[in-house]
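All of the numbers you see were taken from the coordinates with simple rules; none came from a lab. Note that this is a predicted model, so its numbers are computed, not measured. In this analysis, Cβ positions are derived from the backbone assuming ideal geometry, glycine residues included, and neighbour counts consider all displayed protein chains.
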Amino acid sequence: MKVTRRDVVGGAGILAFQAIAGSARAETDMNSVPFAATAPTHVSKVGIKARDADQLAKYYSEVVGLRELSRKGQTVILGAGETPLLEIEQAAAIRADDPHSAGLYHTAFLLPRRVDLARWARRAIDQRTPIVGASDHIVSEAIYLTDPEGNGIEIYADRPHENWKWNGSSVEMGTAALDVGNLLGALKPDTAEWNGAPDGAMVGHLHLRVGNAGDAEAWWHRELGMQTVAGFGGSAVFLSTGGYHHHVAANSWQSKGAGKRDNDRSGLAWAEFVSSDARDEREIVDPWGNVMRIVPAKA
């Protein structure tokens, strides 16, 4: 059976998103410091090549909530607070991304608190922002978008990591429809409205399209010491360090058998990982041409 992105993200368009937001109930909030950032190796930034960098920068600013920090030539750097999270490189001559090739499935922006996700959701409903899914993954709550050039985006908040359920080295994750009413219950009458991604927001994980999930699993084990924490029928693998639910995912749902990605396509240019084991900056490339930059953790 072919698995689609809608199956995985609990697909519901903005109308369904609005319809289930009517009743709001409360749920325990999480700590304000993302657990993902405490791991020995974690994602720090993502770079994408764009056919229209200004249009994409506007989208990530107005919809996702990142703010423009600087420009270097034809590259726009966006982030949260003063922390850069996304670099968009203008490359007008390239072809559009092929969703059946290897490349970026989505960049996942982790908000530090559940109430931040609730604020974002409230604004998305008010602005009638198109979404492609809204899911409860047990360890987290997530809302999914697609940017104007077809790059997937996840905006999510983790549940407290102390409450995640583990079976040995495997973490319990799932995909159920997000209870939007429950999420909006985190908002109180005096809660400030969404005003962009807050300090502490980060790229929580990177989800890739690959030709073979098993080969990807072996590569991440070997090259960055990632541990497998979950799998999905041999077609997807989820990996992390430090007991996080996942810093990297790789799937072949749309890209089974794909070879190396074309360099003249829009989409993923590179992803950067901070590693406490790294002594120098280096660049590694997975079997499908996805470029990973490894940088030492700051002392």
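Quick rundown of the values:
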| read-out | value |
| --- | --- |
| From phi via Karplus (6.51, -1.76, 1.60), per-residue ³J(HN,Hα) for segment 86-99 in Hz, x at Gly/Pro | 9, 10, 10, 9, 5, 8, 4, 7, 6, 8, 5, 4, 9, x |
| Total charge dipole magnitude, segment 31-180, about the Cα centre, Cβ charges on Lys, Arg, Asp, Glu only, Debye to nearest 20 | 240 debye |
| Dipole in debye (nearest 20) - the chain, about Cα centre, beta carbon charges: Lys, Arg +1; Asp, Glu -1 | 300 debye |
| Over segment 208-260, equivalent-ellipsoid semi-axes from the Cα gyration tensor in Å | 19, 11, 8 |
| Count of Lys pairs (Cα-Cα under 28 Å; at least 8 positions apart or interchain) in the chain | 14 |
| Mean separation of Cα contacts under 8 Å, 6 or more apart, over the residue count of the chain: relative contact order % | 26 percent |
| Computed label-point distance, nm, for sites R128 and N167 using a 7 Å Cα→Cβ extension | 4.5 nm |
| Of A271, M226, F35, farthest towards positive along the dipole that unit charges on Lys, Arg, Asp, Glu beta carbons give segment 5-296 | A271 |
| Bins of 10 Å, starting at 0 and running to the largest distance - Cα pair percent for the chain | 6, 29, 38, 22, 4, 0 |
| Overall Cα dimensions of segment 191-299 - principal axes, largest extent first, Å | 46, 37, 33 |
| Computed [θ] at 222 nm, deg cm²/dmol, the chain (DSSP H ≥ 4; -39,500 (n - 2.57); rounded to nearest 500) | -4500 deg cm²/dmol |
| Phi-based couplings in Hz for segment 229-242 (Karplus 6.51, -1.76, 1.60; Gly and Pro marked x) | 10, 6, x, 9, x, x, 9, 8, 9, 10, 9, 7, 10, x |
